[in-house]
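What follows is a short report on a single structure.
The values are calculated or read from the model by the stated rules, or taken from the named source; none is laboratory data. All values derive from a computational prediction rather than experimental measurement. Here Cβ is always computed from backbone atoms with ideal geometry, including for glycine, and neighbour counts include all displayed protein chains.
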Amino acid sequence: MHILTTTSASLDDLIEPVDLRQKPADVVALSFTDSDLAGLANAWKADAENLPSMRLASLRDLRHPMSVDLWIDSVASHAKVILVRILGGYDWWRYGCDQLASAAREKGIALALLPGESHDEDLRLIEASTLPRVELDALLGYFREGGPENMKALVARLAGLAGAKAAAIAPVVVPKAGFYDPERGILNDERAFCEQSGDCDPSHPPVNIPLVPILFYRSMLLAADVAPIDALVEALKAQGLRPAPIFVSSLKDKDSLALVEAALAQLNPVAIVTATAFAAGAEPGAETLFDRAGVPVFQVIVATTRREAWEGSPRGLAPADLAMHVVMPELDGRILAGAISFKAESEVDPALGFRAFANRPEPDRVEQVARRIAAHLRLRQTPPKARKLVILIPDYPSAPGRTGYAVGLDVPNSVLAMLHDLKGAGYGVESIPESPRALLDLIETGGHGLALEDYVALATTLPTEARNAVQAAWGAPDAARGTQSFPFRAATFGNITVALAPDRGRSADRRADYHDPTLPPRHALLAFGLWLQKSLGVHAIVHVGAHGTLEWLPGKTVALSQTCFPEIVTGSLPVVYPFIVSNPGEAAQAKRRISAVTLGHLPPPLAAAGLDENHHKLERLVDEYAQADGLDRRRRDRLAKLIVETAAQTGLATEAGVAKTDAPDEALRRIDAWLCDLKDFAIKDGLHVYGRAEADEPDDARRASAEAERKNLIAALDGRHVKAGPSGAPARGRTDVLPTGRNLFTSDPRTMPTPTAFDLGKAASDEIMRTYLQGHGDWPRALVIDLWGSASLRTGGEEIAQGLALMGCRPQWDAATGRVTGIEVLPPAALGRPRVDVTWRISGLFRDMFPTQIALIDAAARAVATRDEDDHENPLAATTRASGKVEPRIFGSSPGTYGAGLEDLLSTGDWQAREELGRAYLDAASHAYGGAEGEGVSAPGAFADRIAEADLLVHTGDDPGRDILEGSADVAFIGGFTAALATLGKNADVIVLDTSDPHKPRPRSVTEAVGRVVRARATNARFIAGQMRHGPRGASEFAETVDRLIGFAETTNAIPGALIEAVHDAYVGNDDVRAFMLRENPAAARFIAERFATARRRGLWHPLRNSIDDDLAALIDEASAKEVPA
């Protein structure tokens, strides 16, 4: 019998241990909150000569076990009384609780471990304490009531426990919630507030100034730490608003909630501002007081991040602030207005051995938040007839023929639908175009622009640092333009302007520049933003579809500064952003960087692909074979030979993974499975039009969603609150995202991977191992996993779970909150196979959104690397022993940048050898990530070393409504890996793991994955007909498919020419489709012909017809002649 030894690693293990270097004292107190510590410090200093010695420390400094041990040995073990307040309960400081409990019992120390509100929250704290329950409840009472007098009483009580003479004074009751005025302090109730403002005196008319409550924490008030609130009050007054600060214990405290609800009912506010963290709802999506109030709710951040850290960080906020002040409040549908303060530290108090931290407002951030709130109210107060809007059409990826391309959405038809809806709602809309083509033509020839001299004058209002950065990158505006104006592609329909934002960078570099925040936007984009804000004077931006330019401009990930370009270009304008419901990560980017209200919209309707006539014939032969099997052996054998030969002739055998060495039975099994796979493939049956459902739509949920999309677009533009709604892929079972039209929120990242996601991810990892073992006769020793932000949010972290399971690890979850606290490393005997050395290639969005998960993965890798196990059982530990150090295993692009590195080369075609693509991929993954904060450090060459050792890449696709020939990311990441292998002279497998049905993960090769999409979707008559219903946007879908198909051929050398030929014949070779493209989108027709010509020139496709090259040249000429000049 073998003992199975399981070890664990906490996220706190990654924190650098610190020695606080405090001297012993009779009383020591710890807390996570600065307000607790500041209150205790002030209370002790008020009567220090009559009190025992005291030491204070923040639990944030005592997270690492070594830090805890040092502090206990040098300070706590010499104390008479130890007080610790742990807001998250026992599990948030498990090691410290255990060690203090042991030391206190050994030394006879009075130990009080206190929770946030009630000991009923966590009885384990009572068990670990040495004081009786009655004493613990009494001590907690002082914290619950708070304020200077109660802190003095608490310090006196602690002195008594330490042996000093001190009278026990009961806590003084302080209101849980109430009104606050910077000059008058606490006001008893809302009537006191209205008396102050003059609304309650019948002899005087009411004050007709829009009222805006500010909700903030009672603890700030009781700690006299309300400078950010005071500053915001003054800033809102300067914007012509009437702020009404209201302090609350919590938005989940019933007394606080009752007061706020009563105040909102009486005061009739036009908006609500809240500086509280977390979510107000009991469950995600549950109705909150904000839903009942019906006015927009603005989230302002009183950050625990230190100002210096915020100023120097491309992320902006620490992981804890991101979760508490950004992610969780999104569950209420709050609009992120920005950060207004950061922590400032004082000098160390030698008597207490403690450095206090206080909230310090950031003046320009307070003013920007006030301007943003005022802009929303300006929109609300302007009559619809007079409101000026700009509807932005996405121009990403800025390839010819893809103007208005957004994932799953027919943008031109959606814009026309919106114009009609706005006109019906009373907006000043005129001369709506008759067709999408007419709309796009008007935009291209609209004649709008900003004179150079006007731009130069307006640009002086921009921050000097930003102006200098643009000047350094692009030169003076006249030198950059060579003209006297900046022309914009825009058309005006009454008070509504429909426009395309200018390119961020040089036209030749467009696609790469979108995700390259190291390059400032060019003058034309700044001019466009100034034109919208100053010249056109729009009240709001409506951005139609995922995704655009503005949210990807250079600057911090969240909590932007005045030099961040998303803010510079959009100013304080309200942004309403219809966004596909299945792309939560990029929707969050828009919410957090341009303060968008992201209204989820439906994905396109899906339908089973079925089979084309040729595949039907093959399927009938397979059916005949099944009937003959066991009845007529000779006929069966003839059919088997015919099936395999037919599949080989059509290229289907290669696409199905049939090897020349396969026995007939195995070949037939693969062909049959392949036909079934094609038939069941879910294809888009057209595209979605925002706020519209087909006239004969049988699905109640889709009809309800269309209605909600229309209704909430108008509601958002009316300045009303839009209820929050979850994001995810409906086709993967997330029916809770319906109806769409709600303000999208994402998951709490601290819970990922969830237990369910881990089970599914482990099953997928087992399938990966089985597939590799079947193909190679041995287990893989090392592999690379792609990790993406939106995919992780959609699945709850299944992809993270895959890698952990392959390493032989599983997460540890806090039982009370479901949050991940660490990992367990399982013994080899429990795995039944060797561990795999996993390298993770994370996307830029994953890096920005999941610092805690990066820390979790790093903790797992370090724990596995240091295990004492045989080399064959643990290749990561073997590598570590050989090198003498733990090498990084998480890689991504440098902080603030995005992409796989080869998007620019693929876009421009400016490359000769495939190795150039591979080198670009390797160079882009320039940083290694890890540590407690998930931070990145430059690690040139380290990722290449990991690629060289890899046996395979695992690239997961989870969304049934999206395939790998849509969007540039799949080509860039899969193709980049494959090209990098060639650059390094190595070989490895690539598994495209289909988890669209999470209970049936299906690994495929690149050839199989691309072939499946080509045969089932790209060349499918139903798919083609569905796209042709959507005019120019449908043609852009064809262009997207061709671009990605050729991209895979260029990067992987795994795409048979038969697949390229099949798509060519379906689009260019079909007279009806060709005529459609030339009529509706000649730019797409030209681009498609050029890409096919590129495939010919690079030797990727060798068609049998000699006329192909001439045909393509003729199509290019004909399409070019039909394009509308800008």
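Being part of a helix (DSSP H, G or I) and either in contact with a strand residue (DSSP E or B) (Cβ under 6 Å, 6 or more places away or on another chain) or closer than 16 Å to residue 57 by Cα (or both) is the filter here; which residues of the range 349-367 pass it?
Once the filter is applied, which keeps residues that are part of a helix (DSSP H, G or I) and either in contact with a strand residue (DSSP E or B) (Cβ under 6 Å, 6 or more places away or on another chain) or closer than 16 Å to residue 57 by Cα (or both), the range 349-367 yields 365, 366.
Being among the small types (Gly, Ala, Ser), buried (at least 19 other Cβ atoms within 10 Å of the Cβ) and closer than 24 Å to residue 1026 by Cβ narrows it down to one of 401, 446, so name that one.
Numbers: 446 fails: closer than 24 Å to residue 1026 by Cβ.
Exactly one of 401, 446 is among the small types (Gly, Ala, Ser), buried (at least 19 other Cβ atoms within 10 Å of the Cβ) and closer than 24 Å to residue 1026 by Cβ, namely 401.
Condition (residue is within 26 Å of the chain's Cα centre (by Cα), at pLDDT below 80 and part of a helix (DSSP H, G or I)) applied to the range 514-532: is it met by at least one residue?
yes
Look at the range 847-881 and say how many of its residues are more than 30 Å from residue 747 (Cα to Cα) and either assigned to a loop (DSSP other than H, G, I, E, B) or modelled with pLDDT under 95 (or both).
9
From the list 835, 919, 847, 810, which one is farther than 30 Å from residue 95 by Cα and in contact with a helix residue (DSSP H, G or I) (Cβ under 9 Å, 6 or more places away or on another chain)?
Step by step, each of 835, 919, 847, 810 is checked, and only 919 is farther than 30 Å from residue 95 by Cα and in contact with a helix residue (DSSP H, G or I) (Cβ under 9 Å, 6 or more places away or on another chain).
For the range 679-769, which strands (runs of 3 or more DSSP E) that fit wholly inside it have 1 or more residues that are under 26 Å from residue 328 (Cβ atoms) and in contact (Cβ under 8 Å) with a residue 40 or more places away in the chain?
Filter on the range 679-769 gives 724-726, 743-745.
Scan the range 142-156 and tell me whether some residue there is surrounded by 21 or more Cβ atoms within 10 Å (Cβ to Cβ) and farther than 23 Å from residue 220 by Cα.
No, because not a single residue in the range 142-156 is surrounded by 21 or more Cβ atoms within 10 Å (Cβ to Cβ) and farther than 23 Å from residue 220 by Cα.
Scan the range 272-286 and tell me whether some residue there is in a helix (DSSP H, G or I) and either touching a helix residue (DSSP H, G or I) at 6+ places or on another chain (Cβ under 6 Å) or not charged (D, E, K, R) (or both).
No, the range 272-286 has no match at all.
Does the range 7-20 include one or more residues that are out of contact with any strand residue (DSSP E or B) (no Cβ under 9 Å at 6 or more places or on another chain), in a helix (DSSP H, G or I) and more than 22 Å from residue 860 (Cα to Cα)? Full working, then the answer.
Quick first cut of the range 7-20, residues out of contact with any strand residue (DSSP E or B) (no Cβ under 9 Å at 6 or more places or on another chain) only: 15-19.
Next, only the ones that are in a helix (DSSP H, G or I) stay: none.
No.
In the list 1095, 1119, which residue meets the criterion of being under 22 Å from residue 975 (Cβ atoms), crowded, with 18+ Cβ neighbours inside 10 Å and not hydroxyl-bearing (Ser, Thr, Tyr)? Let's see the steps before the verdict.
Numbers: 1119 fails: under 22 Å from residue 975 (Cβ atoms).
One residue alone meets the criteria, 1095.
Would you mind telling me which numbered condition in (1) assigned to a strand (DSSP E or B); (2) crowded, with 24+ Cβ neighbours inside 10 Å; (3) among the β-branched types (Val, Ile, Thr) residue 373 fails?
(1)
Output the residue which, of all residues in the range 483-506 that are under 26 Å from the mean Cα position of the chain (by Cα) and farther than 28 Å from residue 426 by Cβ, is modelled with the lowest pLDDT. Steps first, answer last, please.
So in the range 483-506, the residues under 26 Å from the mean Cα position of the chain (by Cα) come out as 500-505.
Imposing the further condition that a residue be farther than 28 Å from residue 426 by Cβ reduces the set to 502-505.
Details: 502: 87, 503: 82, 504: 79, 505: 73.
Step by step, filter the range 483-506, then rank; the result is 505.
Working carefully through the options 631, 618, 639, 553, find the one that is closer than 21 Å to residue 672 by Cβ, in contact with a Phe, Trp or Tyr (Cβ under 7 Å, 6 or more places away or on another chain) and free of Cβ contacts under 8 Å to residues at least 60 places away in the same chain. Spell out the reasoning first.
Working: 631 fails: in contact with a Phe, Trp or Tyr (Cβ under 7 Å, 6 or more places away or on another chain); 618 fails: in contact with a Phe, Trp or Tyr (Cβ under 7 Å, 6 or more places away or on another chain); 553 fails: closer than 21 Å to residue 672 by Cβ.
On inspection, the qualifying residue turns out to be 639.
For every residue, the table says whether it meets (1) more than 22 Å from residue 861 (Cβ to Cβ); (2) surrounded by fewer than 22 Cβ atoms within 10 Å (Cβ to Cβ); (3) assigned by TED's automatic domain parsing to the domain that holds residue 975.
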| site | (1), (2), (3) |
| --- | --- |
| 731 | yes, yes, no |
| 741 | yes, no, no |
| 759 | no, yes, yes |
| 767 | yes, yes, yes |
| 785 | no, no, yes |
| 789 | no, no, yes |
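Let's see how each residue does on (1) in the same structural domain as residue 218 (by TED's automatic domain parsing); (2) within 30 Å of residue 118 (Cα to Cα); (3) surrounded by fewer than 22 Cβ atoms within 10 Å (Cβ to Cβ):
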residue	(1), (2), (3)
240	yes, no, yes
250	yes, yes, yes
259	yes, yes, yes
267	yes, no, yes
271	yes, no, no
287	yes, yes, yes
309	yes, no, yes
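Might you let me know whether the range 889-905 holds any residue that is among the β-branched types (Val, Ile, Thr), within 30 Å of residue 796 (Cα to Cα), part of a helix (DSSP H, G or I) and in contact (Cβ under 8 Å) with a residue 12 or more places away in the chain?
Within the range 889-905 (the criterion being among the β-branched types (Val, Ile, Thr), within 30 Å of residue 796 (Cα to Cα), part of a helix (DSSP H, G or I) and in contact (Cβ under 8 Å) with a residue 12 or more places away in the chain), the answer is no, since none of the residues qualifies.
Looking only at the range 332-348, decide whether some residue is among the aliphatic types (A, V, I, L, M), closer than 26 Å to residue 894 by Cβ, in a strand (DSSP E or B) and touching a Lys or Arg at 6+ places or on another chain (Cβ under 9 Å).
The initial filter retains those residues of the range 332-348 that are among the aliphatic types (A, V, I, L, M), namely 335-337, 339-340, 344, 348.
Remaining after also requiring closer than 26 Å to residue 894 by Cβ: 336, 339.
Filter once more, so that each one left must be in a strand (DSSP E or B): 336, 339.
Within this subset, residues satisfying the condition of being touching a Lys or Arg at 6+ places or on another chain (Cβ under 9 Å) are 336, 339.
Within the range 332-348, one or more residues are among the aliphatic types (A, V, I, L, M), closer than 26 Å to residue 894 by Cβ, in a strand (DSSP E or B) and touching a Lys or Arg at 6+ places or on another chain (Cβ under 9 Å).
Considering only the range 72-80, I want to know if a residue exists there that is modelled with pLDDT of 95 or more and part of a strand (DSSP E or B).
Looking only at the range 72-80, we keep the residues that are modelled with pLDDT of 95 or more, and these are 72-80.
From what is left, the residues that are part of a strand (DSSP E or B) are none.
Among the residues of the range 72-80, not one is modelled with pLDDT of 95 or more and part of a strand (DSSP E or B), which makes the answer no.
Tell me yes or no: at least one residue of the range 54-63 is of a type in the set (Lys, Arg) and not in a strand (DSSP E or B).
yes
Looking only at the range 3-19, filter to residues that are among the polar types (S, T, N, Q) and over 32 Å from the mean Cα position of the chain (by Cα); which one of those is modelled with the lowest pLDDT? So that I can check it myself, show each step before the final result.
So in the range 3-19, the residues among the polar types (S, T, N, Q) come out as 5-8, 10.
With over 32 Å from the mean Cα position of the chain (by Cα) added as a condition, the list becomes 5-6.
Values: 5: 66, 6: 76.
Ranking the candidates gives 5 first.
Take residue 346 and decide whether it is within 25 Å of residue 854 (Cα to Cα) and surrounded by fewer than 22 Cβ atoms within 10 Å (Cβ to Cβ).
Taking the combined requirement at face value, the residue does not satisfy it.
Restricting the range 1005-1025 to residues that are surrounded by fewer than 20 Cβ atoms within 10 Å (Cβ to Cβ) and not hydrophobic (A, V, I, L, M, F, W, C), which is nearest to residue 1070 (Cα to Cα)?
1022
With the checklist (1) more than 13 Å from residue 1038 (Cβ to Cβ); (2) in contact (Cβ under 8 Å) with a residue 40 or more places away in the chain; (3) assigned to a helix (DSSP H, G or I) in hand, flag the one item residue 1096 doesn't pass.
Result: residue 1096 passes all but (2).
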